[in-house]
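Asker: My questions all concern the structure below.
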Ligand SMILES: Nc1ncnc2c1ncn2[C@@H]1O[C@H](COP(=O)(O)OP(=O)(O)OP(=O)(O)O)[C@@H](O)[C@H]1O
Ligand SMILES: [Mg+2]
């Protein structure tokens, strides 16, 4: 029985796009993430909700490789990713945005997005074409020549989404969506 269950669990982990198993993270005396486990299937929308300070951002940071879990494991597309660097995790297909937006302020809106698109395209012309597609999708095309620093906060949040989408993620992940309704939801 136990072996059959273990086989079923193993199959579920393999078929899940993202699998979080017993992840914990402590900051000195504070247990910020306490034994969290869940699976996200390909094509599904999955939300992590909780009050301020519940540990959502800490968990996102662990998934994205910005900090390592003290315990637990993370598998993405069947491979363990905990301990990899953020750029390696991004390359594997997890695109994230930040609660506190982080564009390159002096670069144009278009260049900010083209940088994301260059993750999988080495030809700058192709990256720019992908950036245009994403900017149109997010209603930022008309503002593409402005420096990112000139955008309003809602537009900067959408730029954050555009930069993540331009990396063609298998799993786009975003904190609390304050972008406009009707935009791609994740
Ligand atoms: N680098 C850190 N060092 C020490 N404590 C931290 C650190 N990062 C987060 N914390 C603490 O861990 C807890 C969880 O914080 P976190 O930012 O993950 O919560 P959150 O669910 O994202 O909250 P919010 O809804 O306000 O964004 C909080 O008590 C926070 O003060
Ligand atoms: Mg947070």
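The values are calculated or read from the model by the stated rules, or taken from the named source; none is laboratory data. Everything quoted here is computed from the prediction, not taken from an experiment. Every residue, glycine as well, gets a Cβ built from its backbone with ideal geometry; the counts of neighbours run over all protein chains shown.
Asker: Go through segment 43-57 and report how many residues are without any contact (Cβ under 8 Å) to a residue 60 or more places away in the chain and within 14 Å of residue 17 (Cα to Cα).
Answerer: Total meeting the criteria: 3.
Asker: Just give me the residues in segment 60-70 being free of Cβ contacts under 8 Å to residues at least 40 places away in the same chain and either outside the structural domain of residue 18 (by TED's automatic domain parsing) or assigned to a loop (DSSP other than H, G, I, E, B) (or both), in sequence order.
Answerer: Answer for segment 60-70, where residues must be free of Cβ contacts under 8 Å to residues at least 40 places away in the same chain and either outside the structural domain of residue 18 (by TED's automatic domain parsing) or assigned to a loop (DSSP other than H, G, I, E, B) (or both): 65, 66, 68.
So that you can scan it fast, the table gives a plain yes or no per residue for (1) closer than 21 Å to residue 47 by Cα; (2) assigned by TED's automatic domain parsing to the domain that holds residue 50; (3) in contact (Cβ under 8 Å) with a residue 40 or more places away in the chain; (4) buried (at least 19 other Cβ atoms within 10 Å of the Cβ):
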site	(1), (2), (3), (4)
104	no, no, yes, no
114	no, no, yes, yes
130	no, no, no, yes
133	no, no, no, no
137	no, no, yes, no
152	no, no, no, no
168	yes, no, yes, no
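Asker: A further question follows. Evaluate segment 71-92: report whether one residue or more is free of Cβ contacts under 8 Å to residues at least 60 places away in the same chain, at positive phi and within 16 Å of ligand 1 (Cβ to nearest atom).
Answerer: yes
Asker: Next up: Going residue by residue through segment 43-59, is there one that turns out to be within 13 Å of the chain's Cα centre (by Cα), near ligand 1 (Cβ under 10 Å from one of its atoms) and under 17 Å from residue 92 (Cβ atoms)?
Answerer: No: zero hits.
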